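Below is one structure, written out as structure tokens; the observations come after it.
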Number of protein chains: 2
Amino acid sequence: MSVEFPIPKPDGRQSVTAQALQRGVLRHLVAHGLFGLPEFSLVSGRRADIIALDGKGQVTIIEIKSSVIDFRTDTKWPEYRAYCDRLIFAVSLDFPIEILPDEVGILVGDAFGAEMIRQPPVHALPAATRKALTLRFARAAAGRLTALYDPDMRPAIDW
Amino acid sequence: MSVEFPIPKPDGRQSVTAQALQRGVLRHLVAHGLFGLPEFSLVSGRRADIIALDGKGQVTIIEIKSSVIDFRTDTKWPEYRAYCDRLIFAVSLDFPIEILPDEVGILVGDAFGAEMIRQPPVHALPAATRKALTLRFARAAAGRLTALYDPDMRPAIDW
């Protein structure tokens, strides 16, 4: 029995830029007391690039936009509002941030970190939604850990 | 930048028997729709061997008893009651289960799985405790995932 060295597969769904930004954003979140979970499936079927929880249970969704095209082709981002208290776009240092909508926060970064250049407005979630999201987050994260340490469990966990 | 192959360190806190049972119990949990998180620090400072969440948010704590001595020297297990709806002891196939207390569930197993030979009674948690535990569970699991994929984050995550 060997559980010491699980070897996760590469995700493969993001571009190199998006993958780098994901790491930098997760580092920013940790530094600010939030724990983020990448590629989180919402009950709507959509997938948030990163969902994060702070110590009070506030939910932040961070959408990673790796390029202008990536941003322009996403017309559905307002749907994330229903699943978070704060919505943030994370972009690379060379992204023209003036094209981003006014009503979201902006994180700018790279693989090594990120900085908040505009705080997101707060749209407080209904308590029932927050409760359901927190439970879904907890179960998804634990399921991923289980599958990492015990690859035989991967087929049983479809998060 | 390489995030593809995080290499978790061995935990090193459990005996070989306890480690094997941990895997078997986590498999049992997945098969029954629960996601478990090993070595979960409670706010009391105690550490639950496994804490698990079902789809409704019910909390189960599983204490792994790798030997009779391990069980006899633990006089503090009733304290876990305050942090779960269900309390279960998990033991090896050769454990003399007649020495276990009446008021807990019993899982018997090995590295490959486990079977519930006595269902635990339900002591429903107060809503506020369940909410706090679920958030703590979610943040701990996400923090561990972050540290697995980005080892530079390990010092920042003390779960």
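Hey, fewest Cβ within 10 Å first, where do B:157, A:61, B:62, B:117 land in order? Before the final figure, lay out the partial values.
Numbers: B:157 17, A:61 25, B:62 30, B:117 12.
So the residues, fewest neighbours to most, are B:117, B:157, A:61, B:62.
Counting alpha carbon pairs within less than 8 Å and at least 6 residues apart, what relative contact order, in whole percent, applies to the stretch B:20-86? Before the final figure, lay out the partial values.
Details: 80 pairs, mean separation 16.1, N = 67.
Relative contact order comes out at 24 percent.
Per residue of chain B, what 222 nm ellipticity follows from adding -39500 (n - 2.57) for every DSSP H run with n ≥ 4, rounded to the nearest 500? If you can, show how the numbers build up before the last one.
Working: 3 runs with 44 residues, N = 159.
That calculation yields -9000 deg cm²/dmol at 222 nm.
Taking R0 as 35 Å, what's the FRET efficiency between residue A:100 and residue B:56 from their Cβ-Cβ distance, rounded to 0.05?
Working: r = 39 Å, r/R0 = 1.11.
The computed FRET efficiency comes out at 0.35.
Using θ = phi - 60° and the Karplus curve 6.51 cos²θ - 1.76 cosθ + 1.60, what whole-Hz ³J(HN,Hα) does each residue of the stretch A:91-107 get, with Gly and Pro shown as x?
For the stretch A:91-107, the Karplus-derived couplings read 9, 6, 4, 9, 6, x, 5, 5, 7, 6, x, 5, 8, 10, x, 10, 10 Hz, x marking Gly and Pro.
Of chain A, which part is the longest with no trypsin sites (Lys or Arg not before Pro) in a loop (DSSP not H, G, I, E, B) and with at most 11 other C-beta atoms within 10 angstrom? Display every interim value, and only then the final one.
Working: sites that count: A:13, A:56, A:76.
Result for the longest clean stretch: A:77-159.
Put +1 on the Cβ of each Lys and Arg and -1 on the Cβ of each Asp and Glu in the protein assembly as shown; which of A:31, A:107, A:53 then has its Cα farthest toward the positive end of the dipole?
Farthest towards the positive end: A:53.
Which of the chymotrypsin sites (Phe, Trp or Tyr not before Pro) found in the stretch B:35-125 are in a DSSP loop and have at most 15 neighbouring Cβ atoms, other than their own, within 10 Å?
Filter output for the stretch B:35-125: B:112.
Any idea what the dipole of chain A comes to, in debye rounded to 20, about its Cα centre with Lys/Arg Cβ at +1 and Asp/Glu Cβ at -1?
Details: 19 positive and 19 negative charges, 94 e Å.
So the magnitude is around 460 debye.
Any idea what angle helix A:127-149 forms with the longest principal axis of chain A, computed on alpha-carbon atoms, 0 to 90 degrees, nearest 10?
50
Using a label position 7 Å from Cα in the Cα→Cβ direction, what is the ascending list of nm distances from residue B:77 to the same site in the other copies?
Reported distances to equivalent positions: 5.3 nm.
If the label for residue B:93 sits 7 angstrom from Cα along the Cα-to-Cβ line, what are its distances to the same label in every other copy, in nm to one decimal, shortest first?
For residue B:93, the inter-copy label distances come out at 6.0 nm.
Over the whole of B:71-82, what's the average partner chain Cβ count within 10 Å per residue? Rounded to a whole number, please. Walk me through the numbers on the way to the answer.
Details: counts 0, 0, 0, 0, 0, 0, 0, 0, 0, 0, 0, 0.
Taking the mean over all residues of the peptide, I get 0.
Each reported figure results from applying straightforward, stated rules to the coordinates on display, with no laboratory input. These numbers come from a predicted model, not from an experiment. Glycine also receives a Cβ, built like all others from the backbone with ideal geometry; neighbour counts cover every protein chain displayed.
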